[in-house]
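J.: Could you have a look at this structure, given as structure tokens, before my questions?
The values are calculated or read from the model by the stated rules, or taken from the named source; none is laboratory data. None of these values were measured; they are calculated from a predicted model. Don't worry about glycine lacking a Cβ; one is built from the backbone with ideal geometry, like all the others, and counts go over all protein chains shown.
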Amino acid sequence: MPENKSLNITIVGTGYVGLTTGVSLAYLGHKVTCVDTNPAVISKLKEKTPTIYEHGLEELLHDAYDNLKFSTSLKDYVNSSDVIFICVGTPTKDNGDADTSGVEAVAREIGKHLEEKGQSANSQSTADTRGPVVVNKSTVPVGTQERVKAVIERSLKERNTEATFYTASVPEFLREGVAILDTLYPDRIVIGTDYKEAEDTLETLYKPLIDQNFKEPEAVKRPENYPNPAFIKTDPRSAELIKYAANAFLPMKISFINEIANLAEKLGADIDQVAKGIGSDSRISASFLGAGVGWGGSCFGKDTRALLYMAGEYGEELGLIKQARKTNYAQRMLLIEKLREELNILRGKTIAILGLSFKPGTDDLRDSPALDIIDKLLELGAFVKVYDPKAMDNFKEEYPDMEVDYARCEYSVLDDAHALMLITDWPEFKELDFTEANEKMKEKIVIDGRNIYDKEELESKGFVYRGVGR
Ligand code: UGA
């Protein structure tokens with residue numbers, strides 16, 4: 001097996017994608033500089049303190065520290081890089097489109113400082129190419145890679161400078177909470193580029209992952225029977241569309257099972273059994289068939305919206321994806337309907353909410369179903385008490401106008417509650433002792449938005465249990 005070769009990498013943006021990518025590539029033996037315009041973030045990282053919470057990140061940051069640098073200045077690294085990753089945010093514009101101005105600002109900065117290889121004092125790249133590969137990892141509308149290329153070319157032209165560079169799109173598929181696991185042991189690596197040179201450099205870069213010939217970190221072990229990742233080389237437009245298509249298919253699958261769950265409930269069928277029955281068909285697969293309150297997070301909602309916008313520009317409707325979104329946001333309100341069916345009037349009632357984050361393992365509240373549900377409960381005149389093991393500080397900071405009571409633990413939130421609504425399936429919530437809950441609650445109603453509780457057990461303890469599709 002040929003030896004892995006160490007490359008010089010610059011990562012621009014130290015959010016979930018940037019920091020995870022940077023630290024993981026450094027762990028694999030590359031020399032990585034993480035750049036961010038926020039000096040507070042950079043000084044924390046220099047002190048080996050991760051700025052986001054991800055399982056295994058802190059350990060990896062310590063292990064790989066000798067291969068890592070942190071800086072606020074991209075210009076110092078443009079000419080010494082074999083690969084520059086753009087990992088900045090692409091927030092949603094008012095019209096639903098993705099805002100790529102951050103991506104373009106990075107491209108302009110690269111164009112402003114790039115010199116022909118050998119011409120710059122700090123050009124020490126190690127790849128066998130004549131310039132850096134500028135890789136876009138942010139989720140962007142199809143065609144952005146071409147814009148990045150044009151922006152850099154225009155900057156070079158303005159300076160009357162000739163410098164070689166290559167562009168590529170390498171979409172990111174990591175999930176929050178298991179970002180390191182997904183980065184070190186991915187299902188696939190997709191490289192979209194028109195340049196053979198870029199393809200070769202990126203293949204060298206990802207070689208340790210493709211061959212899985214690195215020592216697994218203690219904190220994030222290689223999953224048992226993990227097959228090496230698929231390595232997909234394609235053109236930039238297809239790579240960009242792969243990302244959007246994946247982030248549309250997965251939520252569509254969840255919305256599908258939620259529609260079937262709603263029907264199952266009316267028919268007296270059990271959605272857990274139905275999901276098992278269809279999920280064991282390898283063509284369908286069992287993952288992402290968990291029925292409940294529906295999906296949230298920073299990606300599915302934003303990316304499906306951006307995809308619909310992009311498709312609209314080309315006269316394509318994408319009706320399935322439109323409906324997946326509609327089903328999803330209606331699903332949140334169905335839980336309120338179930339609560340109203342049990343309590344009739346919500347005005348003056350106390351509702352205990354378990355879970356604020358959009359999924360377990362993160363303090364991220366973006367597009368979390370809990371937000372819409374709490375908002376509606378307050379509008380209907382209920383008192384709301386909340387508990388989340390990680391996301392309460394963010395909630396206090398980001399939603400100061402939502403008047404809720406904060407509980408200390410998953411039991412104190414139940415004091416005098418008329419109903420419990422389970423929104424996020426944190427493992428500790430699964431262990432809730434309903435004999436203790438029984439003594440605390442005023443009325444014994446459980447709305448289980450993630451189908452984590454045993455209906456029969458709860459009913460035997462005198463609770464009214466309402467799940468989704470059960
Ligand atoms: C998602 C994708 O899974 C990643 O592949 C992608 O890289 C990422 O978006 C992104 O574009 O950055 P993430 O948003 O971190 O990752 O979270 P997921 O684990 O996919 O969960 C999304 C939502 O779906 C959560 O609210 C979760 O509770 C919900 N979900 C998931 C269900 O309701 N049912 C399921 O069966 C699975």
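J.: Please work out which residue is nearest to the ligand (Cβ to nearest atom), limiting yourself to the range 285-316 and to residues that are free of Cβ contacts under 8 Å to residues at least 12 places away in the same chain and in contact with a helix residue (DSSP H, G or I) (Cβ under 7 Å, 6 or more places away or on another chain).
T.: Looking at residues that are free of Cβ contacts under 8 Å to residues at least 12 places away in the same chain and in contact with a helix residue (DSSP H, G or I) (Cβ under 7 Å, 6 or more places away or on another chain), I get A286.
J.: Sticking with this structure for a sec: List pairs: first residue in the range 386-402 and of a type in the set (K, R), second residue surrounded by 13 or more Cβ atoms within 10 Å (Cβ to Cβ) anywhere in the structure, Cβ distance under 6 angstrom, at least six positions apart or on different chains.
T.: Short answer, once both residue conditions are applied: K390/D363.
J.: Every residue in the range 32-64 that is touching a helix residue (DSSP H, G or I) at 6+ places or on another chain (Cβ under 6 Å), touching a residue at least 40 places away in the same chain (Cβ under 8 Å) and outside any helix (DSSP H, G or I), please.
T.: Residues satisfying the conditions are E54, G56, A64.
J.: Looking only at the range 247-284, filter to residues that are small (G, A, S) and within 26 Å of P171 (Cβ to Cβ); which one of those is farthest from the ligand (Cβ to nearest atom)?
T.: Selected residue: S282.
J.: In addition: If you take just the helices (runs of 4 or more DSSP H) that sit entirely in the range 376-470, which of them hold at least 1 residues that are in contact with a Leu (Cβ under 9 Å, 6 or more places away or on another chain) and closer than 28 Å to S255 by Cα?
T.: Where helices (runs of 4 or more DSSP H) fall fully within the range 376-470 and carry at least 1 residues being in contact with a Leu (Cβ under 9 Å, 6 or more places away or on another chain) and closer than 28 Å to S255 by Cα, they are 392-398, 427-430.
J.: So, in the range 354-372, how many residues would count as being buried (at least 24 other Cβ atoms within 10 Å of the Cβ) and under 17 Å from Y406 (Cα atoms)?
T.: 5
Here is a yes/no grid of residues against (1) within 21 Å of A261 (Cβ to Cβ); (2) within 16 Å of the ligand (Cβ to nearest atom); (3) buried (at least 20 other Cβ atoms within 10 Å of the Cβ):
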{"residue": "V384", "(1), (2), (3)": "no, no, yes"}
{"residue": "M402", "(1), (2), (3)": "no, no, no"}
{"residue": "A407", "(1), (2), (3)": "no, no, yes"}
{"residue": "L414", "(1), (2), (3)": "no, no, yes"}
{"residue": "A417", "(1), (2), (3)": "no, no, yes"}
{"residue": "E431", "(1), (2), (3)": "no, no, no"}
{"residue": "I447", "(1), (2), (3)": "yes, yes, yes"}
{"residue": "I452", "(1), (2), (3)": "yes, yes, no"}
{"residue": "E457", "(1), (2), (3)": "yes, no, no"}
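J.: Go over the candidates T204, T144 one by one and state the one that is within 16 Å of the ligand (Cβ to nearest atom) and either surrounded by 17 or more Cβ atoms within 10 Å (Cβ to Cβ) or at pLDDT below 95 (or both).
T.: None of the others qualify; the one that does is T144.
J.: Does L320 satisfy the condition of being away from the ligand (no atom under 16 Å from the Cβ) and in a helix (DSSP H, G or I)?
T.: Spelling it out, L320 is indeed away from the ligand (no atom under 16 Å from the Cβ) and in a helix (DSSP H, G or I).
J.: When you scan the range 215-231, do you find a residue that is of a type outside the set (S, T, Y), within 16 Å of the ligand (Cβ to nearest atom) and under 17 Å from the mean Cα position of the chain (by Cα), even just one?
T.: No: zero hits.
J.: Given the condition in a helix (DSSP H, G or I) and modelled with pLDDT of 95 or more, answer yes or no: does some residue in the range 282-299 qualify?
T.: Checked the range 282-299: no residue is in a helix (DSSP H, G or I) and modelled with pLDDT of 95 or more.
J.: Among the candidates L60, L25, L68, which residue alone is touching a Pro at 6+ places or on another chain (Cβ under 7 Å) and within 26 Å of K221 (Cα to Cα)?
T.: L60
Here's the yes/no breakdown for (1) under 17 Å from I11 (Cα atoms); (2) in contact with a Phe, Trp or Tyr (Cβ under 9 Å, 6 or more places away or on another chain); (3) assigned to a loop (DSSP other than H, G, I, E, B); (4) modelled with pLDDT of 95 or more:
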| position | (1), (2), (3), (4) |
| --- | --- |
| T129 | no, yes, yes, no |
| D200 | no, no, no, yes |
| F214 | no, yes, yes, yes |
| P217 | no, yes, yes, yes |
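J.: Then there's this: Of the residues that make up the range 181-197, is at least one β-branched (V, I, T), assigned to a loop (DSSP other than H, G, I, E, B) and either more than 15 Å from the ligand (Cβ to nearest atom) or surrounded by 21 or more Cβ atoms within 10 Å (Cβ to Cβ) (or both)?
T.: Checking the range 181-197: not a single residue is β-branched (V, I, T), assigned to a loop (DSSP other than H, G, I, E, B) and either more than 15 Å from the ligand (Cβ to nearest atom) or surrounded by 21 or more Cβ atoms within 10 Å (Cβ to Cβ) (or both).
J.: So N258 clears everything in (1) part of a loop (DSSP other than H, G, I, E, B); (2) under 23 Å from P360 (Cα atoms) except one condition, right? Which one?
T.: Among (1) part of a loop (DSSP other than H, G, I, E, B); (2) under 23 Å from P360 (Cα atoms), the lone unmet condition for N258 is (1).
Per-residue answers, yes or no, for (1) among the polar types (S, T, N, Q); (2) within 16 Å of the ligand (Cβ to nearest atom); (3) part of a helix (DSSP H, G or I):
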{"site": "L335", "(1), (2), (3)": "no, yes, yes"}
{"site": "E341", "(1), (2), (3)": "no, no, yes"}
{"site": "I351", "(1), (2), (3)": "no, no, no"}
{"site": "L356", "(1), (2), (3)": "no, yes, no"}
{"site": "G361", "(1), (2), (3)": "no, yes, no"}
{"site": "D364", "(1), (2), (3)": "no, yes, no"}
{"site": "D367", "(1), (2), (3)": "no, yes, no"}
{"site": "I374", "(1), (2), (3)": "no, yes, yes"}
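J.: Give me the pairs: first residue in the range 175-197 and closer than 13 Å to F231 by Cα, second residue of a type in the set (D, E) and in a loop (DSSP other than H, G, I, E, B), beta-carbon distance under 8 Å, and six or more apart or on different chains, which are they?
T.: Listed pairs, sorted by first residue: G192/D235.
J.: To continue, here is another question. Could you please let me know if G292 is over 30 Å from G143 (Cβ atoms) and assigned by TED's automatic domain parsing to the domain that holds N451?
T.: yes
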